[in-house]
Amino acid sequence: MPSDKEEKEATDSKGRLTVVLALATLVSAFGSSFQYGYNVASVNSPTLFMQEFYNRTFLHRYGVGMDEDHMTILWSLTVSLYPLGGFFGSLLVGVLVNRIGRKGTLLFNNIFSIIPALLMGTSELSRSFEVIIVSRLLIGVCAGISSNVVPMYLGELAPKNLRGAIGVVPQLFITVGILTAQVFGIRSILGNPEGWPILLALTGIPAVLELLILPLFPESPRYTLIQKHNGERAKKALKRLRGFENVDNEIREMYLEDESEKAEGHLSVLNLCSFRALRWQLISIVIMNMGQQLSGINAIYYYADNIYRKAGVEENNIQYVTVGTGSVNVGMTIAAAFIVESLGRRILLLAGFGICILSSVVLTVALNLQATVSWMPYLSIACIIMYVVGHAIGPSTIPNVVTTEMFRQSSRSAAFMVSGSVHWLSNFTVGLVFPFMEKGLKEFSFIVFSAVCLIAFIYIYIVVPETKNKTFLEISKILAKRNGMEMEVELDAKEVEDQQAPALKQETKSTCF
């Protein structure tokens, strides 16, 4: 029979959702991930009014209006420079998180996300559509940083049994941001000729709130201990996050992780790409992030109104259908947060991509037949909603969780740089190419997306393992075998205790709220 002490340690090792952990999760996700989602959808509803402003400004300057091709190019830039900025932001992640920490990077990033919000809000007063285009690039850089750092930060704060659920929270706030932009974009609110500059500027509010509140919460204990070598501060932070005093087992696991990867050293992106021991992990995050973005989800977000218009939805009802789709997205992402720890990551990825494949194929058929069959527009809408459901439970939510889990401390920042770069380049490609692809392929555009989903589905089925309820070291051992290598992670107990001594001797009171 286990002793009372052993039972308590077993319970503590599972971890629980403390007030500090919950608030740190909500503040960082709202201040950063929410902005990402908000800016994805903020230019969708006011598209026609913004284009009128572009044309009016052009006419004021040159005495002639824009032709259709010129407008298409400018609007494609307005949409696609946001993800291109995200790509550039992703390249900065490794340097920032290793120098100023995960929390420090989020705070630094929010200072700069306020500037483009102000510029977009005053664009009409300055009579400059160029300000909007440049600001979309700048806000994209900030989104590229935050979209990689928030999952990293939360993944390192969370205990292993909550890592999946907490890892879904950033994506949940992305979907809430998208829905908020869709609601504010309703014609009677801000999606009108007078309100669209305010709609674009509102992205600065979450940044201000995070700047004020996030400093109250701890830095990642793993970063503090492994990279800053401050065991006392790491232990104090861990006590606040876990809500109990005895965190020695988790501290010990961090030391083991540190020792097991010392031979690797800190990996740069170049080292990561040539490191055999992480080959399949690297390929997996590339495939998952390409599948996530090239599957067409952002084509729906960026051009939802045009898609519904082609599907036969009446003009006055389009805005409400778009909001309804956003609500479904939020609801299914919440559902994913509750089931990810029970069903696991792999099954949600497979189910999500499978639903996307089926929905894309049926949508193509429905769009081709809507002129001859009266109820086909309704089937088109149903297919888009089912596509959003599939994407929300797997492709949207899980890749960042798996990226955090597949890589250890020495390679995690480089891994997020790679996954973020692939994510944003793919996003940029869809935003830039889709208007032209839609003109060329018309109703068959979504066949391309279904093919991408099929490739991702097959790869995940064959290669990606389940990672739920496993420590970072256990996951590394599983993947080491797939890479044809055996990883030695066991250390002499006395050696580990000696290395831990400075940290474990410090007994500080818990400062949990």
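The values are calculated or read from the model by the stated rules, or taken from the named source; none is laboratory data. Here the structure is a predicted model, which is why all the values come from computation and not from measurement. Positions of Cβ are generated from backbone atoms using ideal geometry, with glycine treated the same way; all protein chains shown enter the neighbour counts. For the accessible areas, the whole protein counts, side chains as well, though only heavy atoms, and no ligand, DNA or RNA atoms are used. Shrake-Rupley method; radii C 1.70, N 1.55, O 1.52, S 1.80 Å.
Give the residues of segment 58-80 that are of a type in the set (A, V, I, L, M), out of contact with any Gly (no Cβ under 7 Å at 6 or more places or on another chain) and within 24 Å of residue 298 (Cβ to Cβ), sorted by residue number. Within segment 58-80, 71, 73, 74, 77 meet the criteria.
Selection of segment 267-282 for residues being farther than 15 Å from residue 406 by Cα and either open to solvent by 60 Å² or more (accessible area, probe 1.4 Å) or among the hydroxyl-bearing types (Ser, Thr, Tyr) (or both) yields 268, 270, 271, 274.
Across segment 101-130, the number of residues qualifying as more than 21 Å from residue 206 (Cα to Cα) and among the hydrophobic types (A, V, I, L, M, F, W, C) comes to 2. In a residue-by-residue description of segment 429-437, the property of being of a type in the set (Val, Ile, Thr), open to solvent by 10 Å² or more (accessible area, probe 1.4 Å) and assigned to a loop (DSSP other than H, G, I, E, B) applies to no position. Of the residues making up segment 59-70, none is under 25 Å from residue 203 (Cβ atoms), at pLDDT 85 or above and not in a loop (DSSP other than H, G, I, E, B). For residue 106, state whether it is under 22 Å from residue 222 (Cβ atoms) and in a helix (DSSP H, G or I). Yes. Might you let me know whether segment 411-424 holds any residue that is open to solvent by 40 Å² or more (accessible area, probe 1.4 Å) and either in contact (Cβ under 8 Å) with a residue 12 or more places away in the chain or within 30 Å of residue 258 (Cα to Cα) (or both)? No, because not a single residue in segment 411-424 is open to solvent by 40 Å² or more (accessible area, probe 1.4 Å) and either in contact (Cβ under 8 Å) with a residue 12 or more places away in the chain or within 30 Å of residue 258 (Cα to Cα) (or both).
Going through (1) hydroxyl-bearing (Ser, Thr, Tyr); (2) open to solvent by 30 Å² or more (accessible area, probe 1.4 Å); (3) in a helix (DSSP H, G or I) one by one, residue 135 falls short only on (2). Selection within segment 332-385: residues that are modelled with pLDDT under 85 and hydroxyl-bearing (Ser, Thr, Tyr). The member of this set that is surrounded by the fewest Cβ atoms within 10 Å (Cβ to Cβ) is 372.
Only one entry of 466, 474, 443 meets the criterion of being modelled with pLDDT under 90 and over 26 Å from residue 386 (Cβ atoms), and that entry is 474.
Residue by residue through segment 386-409, note down the ones that are among the polar types (S, T, N, Q) and open to solvent by 10 Å² or more (accessible area, probe 1.4 Å). Scanning segment 386-409 gives 396, 400.
Yes/no matrix, rows are residues, columns are (1) open to solvent by 20 Å² or more (accessible area, probe 1.4 Å); (2) among the aromatic types (Phe, Trp, Tyr); (3) closer than 30 Å to residue 439 by Cβ; (4) in contact (Cβ under 8 Å) with a residue 60 or more places away in the chain:
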| site | (1), (2), (3), (4) |
| --- | --- |
| 47 | yes, no, yes, yes |
| 62 | yes, yes, yes, no |
| 67 | yes, no, yes, no |
| 79 | no, no, yes, yes |
| 101 | no, no, no, yes |
